[in-house]
Amino acid sequence: MSTMTINLKVWRQKNASTPGKLVDYRVEGVSEHMSFLEMFDHLNEQLMKKGEEPVEFDHDCREGICGSCNMVIDGQAHGPQKGTAACQLHMRHYKNEDTITVEPWRATAFPMIRDLVVDRSAFDRIQAAGGYISVNTGAAPDAHAVPVSKEDSDIAFDYAACIGCGACVAACPNASASLFTGAKVAQFARLPQGQVERERRVVRMVEQMEKEGFGDCSNYAECEAVCPMEISIQSIAEMRREYMKAIT
Amino acid sequence: MSTKSNLNIETSPLLESKVPQGPLGDKWSSHKNNVKLVNPNNKRKYKVIVVGTGLAGASAAASLAELGYNVDTFTILDSPRRAHSIAAQGGINAAKNYKNDGDSVYRLFYDTIKGGDYRAREANVYRLAEVSNAIIDQCVAQGVPFAREYGGLLDNRSFGGAQLSRTFYARGQTGQQLLLGAYSAMMKNVDHGNITMHNRQEMLELVVIDGKAKGIITRNLANGAIERHSADAVLLCTGGYGNVFYLSTNAKNCNVTAAWRCYKKGAMFANPSFTQIHPTCIPVSGDYQSKLTLMSESLRNDGRVWVPKKKGDNRKPSEIPDEERYYFLEERYPSFGNLVPRDVASRNAKDVCDKGHGVGASGLAVYLDFRDSIKRYGRDKISERYGNLFDMYEKITDENPYETPMRIFPAVHYTMGGLWVDYNLQTTVPGLYALGEANFSDHGANRLGASALMQGLADGYFVIPYTVGDYLANEKSAAVDTSHVEFEKAEQEAVKRIDKLLKSKGNKTVLDYHRELGKIMWDKVGMSRSEAGLNEAIRDIKALREDFWNNVFVPGEQSTCNKYLEYANRVSDFLELGELMARDALDRNESCGGHFREEYQTPEGEAQRDDVNYCHVSAWDFPGDPDSEPVRYKEPLEFENVKLTQRSYK
């Protein structure tokens, strides 16, 4: 099996208070079947064999569902393949001697930790600001007590599929978290279970989003273009409609 | 009838199962009626630490916080929502009988006990089946978008080892949706101030004071800070240890460290060798490979498993006519067909590959073919059921499963073994509980599909809120001061180990060792085990462990984000666990479920149990240092309600 050599420009930054820079690496022996993250494993092995410090990057499930991985690849969050997280991007989409630039998510609300690792806890705080249906354990009625139309359920699922990776923020010129927040608001607004807290929820989540330092949405739709779960920008429209209804 | 195992065994008074008296169906309700309660006003005086925020941890944290306890949660990931429960695909079982196909709590119990090859505790499994329905209710109320029919009611599908449709699902992302439900319940309590989250924090030591779990030592993974946290009880919800095999379907950060450090503080480890090898995973394609990807068992509802009849047949699958295909599961197991349990499907796939019928470049794969289902239901219906799985398969392999059959092979997926717990989910260290995959309790020697999600949520939502209260009611709520000498000692242990790792600037990387360990485990402690192989494994792992501490390279420093330091620390524990798994497999001179000893098989090659000598849980006690031999105790398993038979799916 023939292998490739890839030229990487990777963002290295020791911590938030030290300036970072792009560093060049030449990675040899890259197989076309490697995932993008496996290429980074491979780079790190080469670095450590030379006694150098490996590149830090977040990753976990490596099957596109946990939302841990976060790399801006040649200017695109998660790279060139549509509907695909970086961990599911494979090197067969590149050719020998390609040069690839890899940077972290950049947003005020996502402070730098190290290299490609950033702090996305702002998303947890948005979720804690009402991104739930209040039902205590044991207090639920029978699952069939409230039928939900298949259409509503399917649409709610499309929104619920968000993996919370933050690519939407990284791609947005305003660093807005509207797609993330909108998806959760729209999921619950679709379901009968979500009705009681519907207005309070959208107001609190939107306000929290602003408090965290995310920008506003100006309909660039970059978020939808990079979302690995292909969540529709329709969710932002729903969030706005919900918000307007709630405050008027 | 009653089948008592041999009583002439090395029992330990610590291994008292505490199963309540009375008929099977009444045990849990009578137990709930008898547990001690903590007054609502007093609950806030107690603090409970929950380590791990997957289905078990998040549901436990939310439920306990709702009751009024102060809860501190810990996860190694940057958010609780990323726990590996998120990756479960197929579904969750419940005995709702919405399909009117004759399901009942008893049938779910029976299938689970039988599926586990009679190596689980009856009362625990019955309770699991009993609370299964409430889980579905809870999740629907949280807004989990389960698949529905046009009438607005919930849809079901079938999973292996059952002849009923009792699996609820949310496309191929059931784990994600259930975890996001539990996470939202958790975040509600964060919002209310009852839960304090500690993300990117790894538990390194358990603190035991006067024989009771009173806290943990953690490392902040963003800045290296070592922290002390005290509590009145500690819940370990840290998942399984499949990554000891290096390649598995587990997420890269899944590890045994928290559980292993508890083992070293007195929590016995039960049935460590019971590992589930899942039959339908994408095969290994090269040395660089970092993990294996599961293709959900639900695919076996509509996919047919086959290999070419002719050995080494290189034709494209579409060019092989039906009469030249060996549908080995359908032929060997006509009544369950492609839906035999996982251990049976995996062993048969290995068998046909060993005999030279395997496909793909390595010959270590079989086909999972959707041609007939696509013909029957149309491509759209198949896409609706499994679209995301088909897409994932294509991204990884560059082949389109609508057009050509998937190639699949067994891979390590789940560990039935774990910390020993009693009926209350308490380990042998009072005040330390283990929930979900981290404990050993419900799946015996083989877990059925769609039962892991059920167990994680059963433990967290519906069991622990009762049983931890029973313990705390007897405990004075005087939170221990973290300046206590035991905290000091535990912290020193953690710091010493990290220092030792960081000083190690050898010439092999952590990955080199992990891969090597994985190879030993897969070859000798994997799908097929023998006395000779297991003895070799014990010897090889010991040697590898010694080499690790002399020659591993650990980069960087303590005071920053340093993932290879984390990794080295976890692999150092896997190097101890692997040996215990081999010892356990060697000690169990029978085959049962996923534990297949070559010496013990029926003439047809099925697992041959030995109920006279091995109808027990093996619980291992740490000997004080990792190079000494651990002590094996037994908890006899008593079956009062089911008859132990040779498991048959023919």
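No lab work stands behind these numbers, since they all come straight from the coordinates. Predicted, not measured: the structure shown is a model, and the values here were computed from it. Neighbour counts are summed over all protein chains in view; Cβ atoms, including those assigned to glycine, are modelled from backbone coordinates with ideal geometry.
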*asked:* If I take R0 = 45 Å and measure r between the Cβ atoms of B:E604 and A:E151 in this structure, what FRET efficiency does the formula 1/(1 + (r/R0)^6) give, to the nearest 0.05?
replied: 0.35
_Cα gyration tensor, the range B:279-412 - rounded (a/c under 1.5), prolate or oblate_ = rounded
_For the pair B:E384/A:R241, report the inter-label distance in nm, with labels modelled 7 Å from Cα in the Cβ direction._
2.4
*So how do B:Y110, A:Y132 line up by other beta-carbon neighbours within 10 Å, fewest first?*
B:Y110, A:Y132
*Let me know the charge dipole size of the range B:112-176 about its Cα centre in debye, to the nearest 20, where only the beta-carbon of Lys, Arg (+1) and Asp, Glu (-1) is charged.*
160
_I want to check the label-to-label distance for B:E319 and B:R515. Put each point 7 Å from Cα in the C-beta direction and report it in nm to one decimal._
3.4
*Apply the Debye scattering formula to the range B:566-624, with a single equal point scatterer on each alpha-carbon and no solvent, then give log10 I(q)/I(0) at q = 0.16, 0.17, 0.19, 0.25 Å⁻¹.*
-0.62, -0.67, -0.76, -1.02
*Give, as a single signed number, the net charge of other residues whose beta carbon lies under 13 Å from the beta carbon of B:A452, with Lys and Arg counted +1 and Asp and Glu -1.*
-2
*With the dipole of the protein assembly as shown worked out from charges on the C-beta (+1 for Lys and Arg, -1 for Asp and Glu) around the Cα centre, which of A:P80, B:N641, A:P141 lies farthest toward the positive end?*
A:P141
*Please express the shape of chain B as an equivalent ellipsoid: the semi-axes are the square roots of 5 times the eigenvalues of the C-alpha gyration tensor, given largest first in whole angstrom.*
37, 29, 25
*Under a cut-off of 18 Å between alpha-carbon atoms, report the lysines in cross-link reach of A:K95, not counting same-chain residues fewer than 8 places apart.*
A:K9, B:K395
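Output the relative contact order of the range A:33-96, whole-number percent, from Cα pairs under 8 angstrom with separation of 6+ residues.
Details: 73 pairs, mean separation 23.8, N = 64.
In percent, rounded to a whole number, it is 37.
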_Just to confirm the number: angle between the C-alpha axis of helix B:122-141 and the first principal axis of chain B, 0 to 90 degrees, nearest 10?_
90
*Using the beta-carbon distance between B:R539 and A:A225 and R0 = 51 Å, what value does 1/(1 + (r/R0)^6) give for FRET efficiency, to the nearest 0.05?*
0.40
*May I ask which residue of A:F157, A:H59, A:M4 lies farthest towards the positive end of the charge dipole of the protein assembly as shown, with charges of +1 (Lys, Arg) and -1 (Asp, Glu) on Cβ and the Cα centre as origin?*
A:F157
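Taking only complete DSSP H runs, can you tell me which helices of chain A stretch 24 Å or more along their own long axis by Cα positions and average at least 0.5 on the Kyte-Doolittle scale?
Working: long enough: none.
Within chain A not a single helix satisfies the rule.
Would you order A:T248, B:T11 from fewest to most other beta-carbon atoms within 10 Å of each residue's own beta-carbon? Could you put the intermediate results ahead of the total?
Working: A:T248 5, B:T11 15.
Neighbour counts put them in this order, fewest first: A:T248, B:T11.
Under the definition of partner shielding as Cβ atoms of other protein chains within 10 Å of a residue Cβ, what is the mean value for peptide A:42-54? Walk me through the numbers on the way to the answer.
Numbers: counts 3, 0, 5, 5, 1, 2, 11, 5, 0, 4, 1, 6, 7.
That works out to 4 on average.
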*Can you give the extra length, in nm with one decimal, that the chain gains between A:D142 and A:N7 once fully stretched, where that is 0.36 nm per residue apart less the Cα-Cα distance?*
42.9 nm
*Would you list A:Y159, B:Y150 from fewest to most Cβ contacts within 10 Å?*
B:Y150, A:Y159
*All other residues with a Cβ under 14 Å from the Cβ of B:Y69 taken together, and with Lys, Arg as +1 and Asp, Glu as -1, what is their net charge?*
-1
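Based on the Cβ-Cβ distance of A:K82 and B:H192, what FRET efficiency does E = 1/(1 + (r/R0)^6) give at R0 = 56 Å, to the nearest 0.05? Display every interim value, and only then the final one.
Numbers: r = 40 Å, r/R0 = 0.71.
The pair A:K82/B:H192 has a calculated efficiency of 0.90.
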*asked:* Please compute the average number of Cβ atoms from other chains found within 10 Å of each residue's Cβ in peptide B:146-156.
replied: 4
*Starting from the Cα of A:T108, move 7 Å in the Cα-to-Cβ direction to define the label point; list residues of the range A:194-238 whose amide nitrogen is under 15 Å from there.*
A:208-217
*Any chance you could give the angle, 0 to 90 degrees and rounded to 10, that helix B:531-551 forms with the longest Cα principal axis of chain B?*
50
*Report, in debye and to the nearest 20, how large the dipole of the range A:4-103 comes out about its Cα centre when Lys and Arg carry +1 and Asp and Glu carry -1 on their Cβ.*
200
*asked:* Let me make sure I get this right: for the range B:505-614, a, b and c are the square roots of the gyration tensor eigenvalues over alpha carbons, sorted descending. Under 1.5 in a/c it's rounded, otherwise prolate if a/b > b/c, else oblate. Which is it?
replied: prolate
*Could you give the size of the charge dipole of chain B about its Cα centre, using +1 on the Cβ of each K and R and -1 on the Cβ of each D and E, expressed in debye and rounded to the nearest 20?*
860
*Could you state the angle between the C-alpha long axis of helix B:174-191 and the longest principal axis of the C-alpha atoms of chain B, as a value from 0 to 90 degrees rounded to the nearest 10?*
20
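Relative contact order of chain B: what whole-number percent is it, with Cα pairs under 8 angstrom and at least 6 residues apart?
Details: 1455 pairs, mean separation 143.6, N = 650.
Dividing the mean separation by the residue count of chain B yields 22 percent.
Summing +1 for each Lys or Arg and -1 for each Asp or Glu, what net charge is found among the other residues whose Cβ lies under 13 Å from the Cβ of B:S12?
Details: positive: B:R632, B:K634; negative: B:E10, B:E16, B:D422, B:D621, B:E635.
Taking every Cβ under 13 Å from that of B:S12, the sum is -3.
Need one value for B:288-295: mean number of C-beta atoms belonging to other chains within 10 Å of its residues' C-beta atoms. Intermediate values should be presented prior to the final figure.
Details: counts 13, 6, 10, 9, 2, 5, 1, 0.
Averaged over the peptide's residues, the number is 6.
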*Shape of the range B:318-360, Cα gyration tensor, a/c cut at 1.5*: oblate
*Given Cα pairs under 8 Å that are at least 6 residues apart, what percent is the relative contact order of chain A?*
20
_In the protein assembly as shown, if the dipole is taken from +1 on Lys/Arg beta carbons and -1 on Asp/Glu beta carbons about the Cα centre, which of A:Q127, B:G378, B:V352 is farthest to the positive end?_
A:Q127
*Just tell me which lysines come within less than 27 Å, Cα to Cα, of B:K500; anything on the same chain fewer than 8 places away is out.*
A:K14, A:K49, A:K50, B:K214, B:K252, B:K264, B:K265, B:K489, B:K508, B:K519, B:K542, B:K563
